[in-house]
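Take a look at the structure below.
Just so it is clear, none of the values below were taken in a lab; they were calculated from the coordinates. No experiment lies behind these values; they were computed from the predicted model shown. Every residue, glycine as well, gets a Cβ built from its backbone with ideal geometry; the counts of neighbours run over all protein chains shown.
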């Protein structure tokens, strides 16, 4: 082939005719190829669209895929945090033989507790430590209600429900929390004394768990047996509310209902143990008793020094007597757990005492919600107290920081105003 060189004007460079021909061909082929690719892409897209669901179906599909990813992540990590510690693990149905083998035939050496509905055994199942609750009851309707509650309630501050078994007997399988319960930490032997900061954190964790079952589940769940023995402590001294087996399912918006009284004396409010009326305020009252326990380390029923039943006092009444005395602060100091020594902020003790008093009001309408209780407890955390002390000592604030006391007093005034409210279920203050 003969090469023809053409000099480009103004450049002094020469270009071959072959290069020019190639450029021409490329200029023609490129648009044609682009058109073909466009037609191919449109045909391919049409075929794909024929196989794709509608936009609504696509949205549902995307949600399903997302939930599958969340569930898978939850299984791998043990828990999946979906805002405020909510998890989405699914329960497992075990065979009786699996539970029998895991407990060595429900051997007495594996027994770790005895509850109102049956014995609890230690076991290892599906690669993790577990507590198996063997239900001593024939009323399968109660068991199924508990099962329904547990399969829908998952939160970091609630003891995790692993699975169940309905063969031979009725069984519930929970995660095993190996550091005992709050009652043991406060009054038992072999446990390190809880610092004030740890007690506030335990109160916050427990309040968060109760707030979840009261505010964020449909229908609403009521525990009905809140007590220090049902607040378990993990190795990091974090609290988990246990034994949701007594939960009574109620519809959201229902003020109260009558039911069979189940619970522990000393933690039950008057309307519950006298008339069987249950509402979320039943748990609030019991939580107030737990707050008194955290302060004093005393049991809900304080035994007399001589051990006689006649000299025993309910812890709530003991604190009420102290708070109505001429010098309540001095009397309160005598009730504070001696294990705390002098290592506690008296202001925080007073705040928690006031909060416990509001929670244990005789009239359920005068008790706050668990959401408000949790919010008030945050003011008693070591960080909140440090910030308050810092602002006060440095005198940097132009106005005083709001005190939890003022919040409680405002709540009392609002509740007093609401006593004349004719529609309690619609009152935002006391709901």
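Treat each spin label as a single point 7 Å out from the Cα along the C-beta direction, and report the residue 126 to residue 363 distance in nm.
4.8
For residue 342 paired with residue 136, estimate the spin-label separation in nm (one decimal), with each label point 7 Å from Cα along the Cα-to-Cβ line.
4.9
What full-extension length gain, to one decimal in nm, is calculated for residue 317 and residue 95 as 0.36 nm per residue of separation minus the Cα-Cα distance?
Result: 75.1 nm gained on full extension.
What number, in nm² with one decimal, is the all-direction average of the projected area of the convex hull of the alpha-carbon atoms of segment 169-243?
Its Cα hull, projected and averaged over all orientations, spans 6.3 nm².
Which three extents, in angstrom, do the Cα atoms of segment 265-309 have along their principal axes, listed largest first?
Answer, in whole Å and largest first: 36, 23, 8 Å.
Given the Cα-Cα distance of residue 235 and residue 167 and 0.36 nm per residue of separation, how much length would full extension add, in nm?
Between residue 235 and residue 167, full extension yields an extra 21.2 nm.
What full-extension length gain, to one decimal in nm, is calculated for residue 334 and residue 151 as 0.36 nm per residue of separation minus the Cα-Cα distance?
The residue 334-residue 151 span can extend by a further 61.4 nm.
What is the spin-label model distance, in nm, from residue 191 to residue 305 if the labels are put 7 Å beyond Cα along the C-beta direction?
Those two pseudo-labels are separated by 2.6 nm.
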